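Bear in mind that the values in this text are calculations on the coordinates, not laboratory data. Quantities reported herein were computed from a predicted structural model and do not represent experimental measurements. Every residue, glycine among them, receives a Cβ derived from its backbone with ideal geometry; neighbour counts consider all protein chains shown.
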Amino acid sequence: MAEYSLRIIPQLEKKLSLAGQWIGAISGAFQGLGVLELDLFGNGYSGSGFKFSNDPNIPSTEVQIRTDNRNDLRFRSPTFVLDGAGNRYDPKDTEKRFPDWQHGREVDIAIEVGDGEIHIKFATDINTIGQGVLLYQGVDRKTGIAPEKYVNSWKEFQSFLGTIDTKKFIFRGQPGPFPLRTSFHRTSRTDLARYMDVDTPALQRHLSSIIPHQFDFRDPGQVGNFFNLVQHHGYPTPLLDWTESPYVAAYFAYRSNQPHHKQVVRILMLERDPWTPPRNQPVYVTRVIPHLSVMYLGGFLNPRMLPQQSVNILSNIDDIEKCISHREQEEKRKILFAFDLPFKDRRQVLSELRTMGITAGSLFPGLDGSCEALKMDLFQDF
């Protein structure tokens, strides 16, 4: 197997850590997309790497990475074969899915690290070689989405809603102009393979005495329903909550009585069409190409789904905003809109929403929602 010498790219010395998500084109024997997802683990790294083939008739590859030293940027890893649906095979079983193909069982990987990109080279034990440049996908603390300038107040937002067909969009309310990231990626972890293989089964075992149902994690729909349930109880998932109602989104934007430092709340509006069938949307969490998929999940054991008119975005990408920006470039039009509204309108907004029946009590059926609603009423928390 080939071995590669390493160096730090002189002009790109700022980011020396490999922790995070990296995505870029891979060339060599076969063309494809490379994805590297590494988490800090002790004094080293733990994570997964993927090469997704451009040709569906050629198998994709997964490698599992574990290092004991963060300065060691060469590693030998076992490989696995992937098909387009995220199913994993041992290399010796490659012909079961891809007749007449051979696949290496080990790979040597060497990385040159720069600021915002890594140069990667690899060679397998059957002398398949390749290289690529992967770009860092981490998210800054600041959003890259600029607010629309033609809406600057609650009344202007309501007037704007009267000019559009709201059924063509989904909405999200935030207490400030924060980046779009799933709750999983906000934990600073990126390796979704470990999340699915280790963390999620452990969580289901932990909840087995509370939830009288065993979700089948081989079914992506049931995985989504499980995530939708546990996320509403504070567990990190690769889902991002949206709603079909701009007014429910407004409630979530104004829900907190603590103003953001910019004294604005944010309501986001995303066009549905670029993310819905017949367009191809992967529904698997890991071992598939980077994607953003709009999902309408079931409300099993989750009574909040219906009143919140819930819609979810499933994404295995850390930087969701960049993904949407790429789709806008493909569509040659804008599909994501942000409206920053003044926090000082909070009392008026929540009062109007209450007349529409949108309160904590209606959106969060049960003890928590009832207490929150009465707190707002009796303690002037709006």
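Considering only alpha-carbon pairs that sit under 8 angstrom and 6 or more positions apart, the relative contact order computed for the range 40-198 is 14 percent.
If you look at the Cα atoms of the range 102-182, you get an Rg and a Dmax of 23.0, 66 Å. Straight-distance candidates among the lysines for linking to LYS322, with alpha-carbon spacing under 24 Å and chain neighbours fewer than 8 residues away dropped: LYS14, LYS15, LYS51, LYS142, LYS149, LYS168, LYS262, LYS332, LYS334. Helix 346-355 and the long axis of the chain differ in direction by around 80°, with both axes built from C-alpha atoms. Here, P(r) means the percent of Cα pairs in each 10 Å bin from 0 to the largest distance; for the range 154-378 it is 7, 31, 36, 21, 5, 0. As a length-normalised measure over Cα pairs under 8 Å and 6 or more apart, the relative contact order of the chain settles at 16 percent.
Taking one quarter of the surface of the C-alpha convex hull of the chain gives a mean projected area of 21.4 nm².
Relative to the longest principal axis of the Cα atoms of the chain, helix 367-378 runs at roughly 40 degrees.
Using the Cβ-Cβ distance between GLN102 and LYS142 with R0 = 56 Å, the FRET efficiency computed as 1/(1 + (r/R0)^6) comes to roughly 0.75. The modelled label-to-label distance between PHE178 and ASN43, using points 7 Å beyond Cα along the C-beta direction, is 3.6 nm. Our analysis of the range 172-278 gives Rg over Rh at 1.02, with the two radii drawn from alpha carbon positions and Rh computed by the Kirkwood formula. Label positions at SER153 and CYS371, each projected 7 Å from the Cα along the C-beta direction, are separated by 3.8 nm.
Pairwise inverse Cα distances across the range 24-182, averaged and inverted, put the Kirkwood hydrodynamic radius at 19.0 Å. Counting beta carbons within 10 Å around each of CYS323, CYS371 and listing the fewest first gives the order CYS371, CYS323. Against the chain, whose longest principal axis is taken from its Cα atoms, helix 320-331 shows a tilt of about 90°. If R0 equals 22 Å, the separation of the Cβ atoms of HIS260 and GLU331 corresponds to a calculated FRET efficiency of about 0.10. Only helices enter this figure: runs of n ≥ 4 DSSP H residues, each worth -39500 (n - 2.57), summed and divided by the residues of the chain, yield -6000 deg cm²/dmol at 222 nm to the nearest 500.
I'd like the distance separating the alpha-carbon centroids of the range 92-111 and the range 174-219, in whole Å. Cα centroid to Cα centroid, the span is 30 Å.
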